[in-house]
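Read through the structure below, which is laid out as structure tokens, and then see the notes.
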Amino acid sequence: MKKILIVLLIFFSTTLAFCEKLTILSYNIAHNNSYKKEHYEQWMASLGEIARTNGADIILMQEVPVAMKKGFVTRFYGDVELHFKIPQKKTILDDIASELGPEWKSISTSIYLLHNGVTIDGIAFSSGDMSQNNAIFYNSQKVSATDLSEELGFNAFPDCDYRFNKNNVQVVRFLIGEESLVLVNVHLQSKNSIEKRNWDLTVLYDMLLNEFGGEISDEPVIAGGDFNTRRKEFESLGFDTYIVDGKSSPKTTLAIRDSGFSYANDYDHFIYNEAASEKIKTSTVRAHIGNSGRNLEKESSIIIAGEEYKSSKEIRDRLSDHVPIMIVLDF
């Protein structure tokens, strides 16, 4: 009997050792305005506090202002001239990783972001700039990462099957123990350019379906970020055929208000396939920022990294016009 108990204890302890909770944060940190330049260290401290408070293991960031070298690299696609810039040796990517901790690493779109608007095969693509980069930060002690940008041809734009405006979509495969997870970090065109945004959504749909098998894939696939798309619009664009969302995606874009807190839009989302839904422990929710709960509209003021904020406008000006969302998975 003792031998059986010992065997069972070894079995369960081994099984539990490979049970891992994974917390994914998505956060549009917005362009680096003059306030953030002047109070850069405070901004970094705020981002770090938000990540630590919510126990983030992986962070999808949008609008990361990566400083670029002067000039650009020119490539040609037939007679079309394309411009790509090269990041400076030390950038905000290093600063954020340093704030998060020595085990944190990053992957960025800055090396292949499209820096001039061009027309390719009759389709007009938008340009990006230093503030339009996507970046994924991850705890390298918990997960390992492989950037799939070269495999998908993003590094050789426009010689790729999936052409996005600004070319700033990321696809990264993570290993958690012996299991894998594909994360797609997106920041799509604003609703001021619905035609281009819908083009990007169509390309995203095709990529998720063709590259990763859609609903029939055994590999969990999650796309997250700032879609500039209200959740209800995904159904009309076809995503409900194999991608599912939580029961609701909360509003996360902050309204412009001089007093009190208010949300404007629900543009930030996680969408995922059936394989990912089986891993989800906690559906999409707003992350905590500072000493607040998950709904700023219930607060009169909040403290983030030692600084007080009393309105949506103050957060927009000093931190970001978004609040982060999070999702928790079990592996």
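The values are calculated or read from the model by the stated rules, or taken from the named source; none is laboratory data. Model, not experiment: these values are computed from the prediction. Glycine also receives a Cβ, built like all others from the backbone with ideal geometry; neighbour counts cover every protein chain displayed. Protein only, heavy atoms only, side chains kept; ligands, DNA and RNA dropped before computing areas. Shrake-Rupley method; radii C 1.70, N 1.55, O 1.52, S 1.80 Å.
Structure notes:
- Considering only Glu314, Glu179, Glu99, the mean-square fluctuation computed in a Gaussian network model of the chain, springs between alpha carbons under 10 angstrom, is largest for Glu179.
- Carbon + sulfur, % of accessible area of the chain - ligands and nucleic acids excluded, 1.4 Å: 50 percent
- Paramagnetic reach from Asn198 in the range 217-244 [backbone N under 18 Å; point 7 Å along Cα→Cβ]: 227-241
- Answer label for mean projected area of the Cα convex hull in nm² (calculated), chosen among (i) 17.8; (ii) 19.4; (iii) 15.9: (ii)
- Nearest-0.05 FRET efficiency for Lys70 and Asp121, computed from C-beta distance (R0 51 Å): 0.95
- Around Ile304: net Lys/Arg minus Asp/Glu count, Cβ-Cβ under 11 Å: -3
- Per-residue HN-Hα couplings for the range 172-178 [Karplus 6.51, -1.76, 1.60; θ = phi - 60°; Hz; x = Gly/Pro]: 9, 9, 10, 10, 10, x, 9
- The chain - share of DSSP beta bridges that are antiparallel (%, nearest 5): 80 percent
- Neighbourhood charge, 13 Å Cβ-Cβ cut-off, centred on Gly78 and excluding it, Lys, Arg +1 and Asp, Glu -1: -3
- For the range 186-203, the Karplus equation 6.51 cos²θ - 1.76 cosθ + 1.60, evaluated at θ = phi - 60°, returns couplings of 10, 9, 8, 4, 6, 6, 5, 10, 4, 4, 6, 4, 5, 4, 4, 5, 5, 5 Hz by residue, with Gly and Pro reported as x.
- Euclidean distance of C-alpha centroids, the range 165-188 and the range 223-240, integer Å: 17 Å
- Top of Asp121, Asp129, Asp321 by mean-square fluctuation, Gaussian network on the chain, Cα under 10 Å: Asp121
- Helical runs (DSSP H, four residues minimum) scored at -39500 (n - 2.57) apiece and divided by the length of the chain put the mean residue ellipticity at 222 nm at -7000 deg cm²/dmol.
- Mean separation of Cα contacts under 8 Å (6+ apart) over length of the range 43-126, as relative contact order %: 27 percent
- A simple spin-label model places pseudo-atoms 7 Å from Cα toward Cβ; at Asp79 and Glu103 they are separated by 5.6 nm.
- Å² of accessible area per residue within the range 83-157, as computed with a 1.4 Å probe and no ligands counted: 43 Å²
- Amide H contacts of His322 (H built 1.01 Å from N, under 5 Å, at least 5 apart or other chain): Leu254
- Pairs of lysine residues in the range 190-330 - Cα separation under 20 Å, sequence separation of 8 or more or cross-chain: 12
- In the elastic network of the chain, a GNM with C-alpha springs shorter than 10 Å, the most mobile of Val182, Val73, Val244 is Val73.
- Residue-normalised accessible area of the range 270-318, given per residue in Å² at a 1.4 Å probe: 46 Å²
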